[in-house]
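Asks: Sharing a structure below in structure tokens format, with a few things to ask.
The values are calculated or read from the model by the stated rules, or taken from the named source; none is laboratory data. Quick caveat, the model's predicted, so the values are computed rather than measured. Neighbour counts run over all protein chains shown; Cβ positions are idealised from the backbone, glycine included.
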Amino acid sequence: MKERRCIVLGETTSAEELIRFVCDPTGVAVPDLAEKLPGRGCWVTASEAAITKACEKNLFKRHIDATAPNAAEVITQLQQLLTGRVSQTLALARRAGLAVGGGGKLATLPYVEGMLIAGDASRRESKAHQNRLQPEWVFEGFDSAFLGHPFGRDSLAYIGILLDERRADGGLTGRLFHELARFQAFMGGITCHEGPGGCITPNQMDE
């Protein structure tokens, strides 16, 4: 797991909890969520407070010789970009056969690596699925309309994520978890359930 240093807090932590910024052709710092844009980059903790401080103190100037963007605008942009990346990665996982949607299909599986549960799903049914499938992690909070979109459906209450055993790095399963973790880190800095996403938690169901 790669680690990077936050230019605001000065702490070294997992890149999953950070957002990379680079200088765009106009000289302004822009987020690089795919971490593929050319040029020297810097890293900021994925939270509203850290990004606001980086913008207000123009810390980007010192590290990548870039002008700071408007804090409120970049935070709104990041909310949209992070949500979009989760949806896109879910769609890729579905096409690869690694994401299974709907309670009926989950009932045919012996095990899942992870689960996404809609915030408006039945709590009783959710607990039953978790008790039977024993996922390693659970993400709750997106509504059923959001979960349904990557599957071409109006709504989905449950998505099971299968382990990508072909890839040592976890493949699409690992990538999805990375996107969810970064989304949670960012939204958690606002409040865990204030946005469209909830929290990734270990599956700790009552005995």
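Asks: Return yes or no: is Leu92 surrounded by fewer than 20 Cβ atoms within 10 Å (Cβ to Cβ) and within 30 Å of Leu133 (Cβ to Cβ)?
Replies: In short, yes.
Asks: Tally time: how many residues in the stretch 72-98 are over 16 Å from the mean Cα position of the chain (by Cα) and within 21 Å of Gly152 (Cβ to Cβ)?
Replies: Within the stretch 72-98, residues that are over 16 Å from the mean Cα position of the chain (by Cα) and within 21 Å of Gly152 (Cβ to Cβ) number 5.
Asks: Further question: Name the single residue, out of those in the stretch 1-18 being in contact with an Asp or Glu (Cβ under 8 Å, 6 or more places away or on another chain) and of a type in the set (A, V, I, L, M, F, W, C), that is modelled with the highest pLDDT.
Replies: Filtering first and then ranking leaves Ala15.
Asks: Residues in the stretch 99-109: is at least one loosely packed, with under 14 Cβ neighbours inside 10 Å, over 20 Å from the mean Cα position of the chain (by Cα), among the β-branched types (Val, Ile, Thr) and under 28 Å from Leu147 (Cα atoms)?
Replies: yes
Asks: Is one or more of the residues making up the stretch 23-33 under 18 Å from His178 (Cβ atoms), in contact (Cβ under 8 Å) with a residue 24 or more places away in the chain and within 21 Å of the chain's Cα centre (by Cα)?
Replies: yes
Residues checked against (1) outside any helix (DSSP H, G or I); (2) acidic (Asp, Glu); (3) within 22 Å of Glu17 (Cβ to Cβ); (4) in the same structural domain as Glu56 (by TED's automatic domain parsing):
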| position | (1), (2), (3), (4) |
| --- | --- |
| Val100 | yes, no, no, no |
| Leu116 | yes, no, yes, no |
| Glu125 | no, yes, no, no |
| His129 | no, no, no, no |
| Arg153 | yes, no, no, no |
| Leu163 | yes, no, no, no |
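Asks: Here are some residues: Pro38, Pro25. Which one is farther than 30 Å from Gly148 by Cα, out of contact with any Gly (no Cβ under 6 Å at 6 or more places or on another chain), in a loop (DSSP other than H, G, I, E, B) and at pLDDT 95 or above?
Replies: Pro25 is the lone residue from the list that is farther than 30 Å from Gly148 by Cα, out of contact with any Gly (no Cβ under 6 Å at 6 or more places or on another chain), in a loop (DSSP other than H, G, I, E, B) and at pLDDT 95 or above.
Asks: Related question: Out of all the residues in the stretch 110-129, which are surrounded by fewer than 19 Cβ atoms within 10 Å (Cβ to Cβ) and either touching a residue at least 60 places away in the same chain (Cβ under 8 Å) or β-branched (Val, Ile, Thr) (or both)?
Replies: Result: Gly119, Lys127.
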